């Protein structure tokens, strides 16, 4: 009987939070399916990775480095989720994606497009001094309960080209202005391969809010979002972000969950926030 009451309370709480316009958003670089990763290979991680996603069940999930078969596997394992996005090498299925997964129980897709982070964002291209093609997936989602609309960019910046990262941020801001969504509920997230003091981040912060900075993130906890699959790698290397606009950030969490064998789920840690429409 106590268990039944507890379940009812959980369900009731979830309904109240949904009706209030609360949304959970996660960014997660899952590490592409690299056969040379050995014990950290995708085949060894994928079950526990999707179990983690099921456990936190974000309404909106932006992943980076997902290859087609990885995206499909995650989609098959997550009930009531769909994803949008195309691969960066051909605009179809070749290479890595920056897909946006969304919970179809709470959100409906209205619009989506993938842009290349380059001087020619509407076609497959390598931008500035980037080492390879880099992309952002854009999605517009309507909350089925509140009818609020959420505008989302999921990005993966280049890891080599400093100029490319800076220009990528300028492009994101340009796209936001062109779409006329600065006054809308807006999310820009992803693996930006930049530290908080870097120009690429400062440019975004001119128009957007770093959810980490406005949250009550415990000061004693690590800020690290990258681990390189190394249990001995400790730093404050925060290169994964969720930026917001016109949303109240209730919480910000860097998820340090591990696999049952003590190894990491990916070479990045997921970042999860809870927001409330304002």
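Values in this text are rule-based calculations from the coordinates and carry no lab data. None of these values were measured; they are calculated from a predicted model. Don't worry about glycine lacking a Cβ; one is built from the backbone with ideal geometry, like all the others, and counts go over all protein chains shown.
Listed by Cβ neighbour count within 10 Å, with the fewest neighbours leading, 52, 26, 132, 195 appear as 195, 132, 52, 26. Just check the stretch 125-255 against the gyration tensor rule for me: Cα atoms, a ≥ b ≥ c as the square roots of the eigenvalues, rounded for a/c under 1.5, and otherwise prolate or oblate depending on whether a/b exceeds b/c. Oblate is the answer for the stretch 125-255, as a/c is 1.5 or above yet b/c matches or exceeds a/b. Sequence-distant contacts, meaning Cα pairs under 8 Å at least 6 residues apart, place the relative contact order of the stretch 2-277 at 19 percent. For the chain, the pair-distance distribution built from all alpha carbon pairs, in bins 10 Å wide starting at 0, is 7, 30, 38, 21, 4, 1, 0 percent. Where both bridge residues fall in the chain, DSSP classifies roughly 80% of the beta bridges as antiparallel. Volume per residue of the convex hull around the Cα atoms, evaluated for the stretch 222-278, comes out as 79 Å³. Considering only alpha-carbon pairs that sit under 8 angstrom and 6 or more positions apart, the relative contact order computed for the stretch 92-222 is 20 percent. Of the residues 168, 118, the one with the fewest other Cβ atoms within 10 Å heads the list, and the complete ranking is 118, 168. Our summary gives the stretch 225-278 a relative contact order of 45 percent, counting only alpha carbon pairs under 8 angstrom and 6 or more residues apart.
Residue exposure proxy: 248, 267, 59, 122, ordered by other Cβ atoms within 10 angstrom of their Cβ from fewest to most, comes out as 122, 248, 267, 59. If the chain linking residue 170 and residue 110 were pulled fully straight, counting 0.36 nm for each residue of separation and taking away their Cα-Cα distance, it would gain 19.1 nm. Separation of the stretch 170-193 and the stretch 79-138, taken as the distance between their Cα centroids, equals 14 angstrom.
With contributions of -39500 (n - 2.57) from each DSSP H run of at least four residues, the per-residue ellipticity at 222 nm computed over the chain stands at -8000 deg cm²/dmol.
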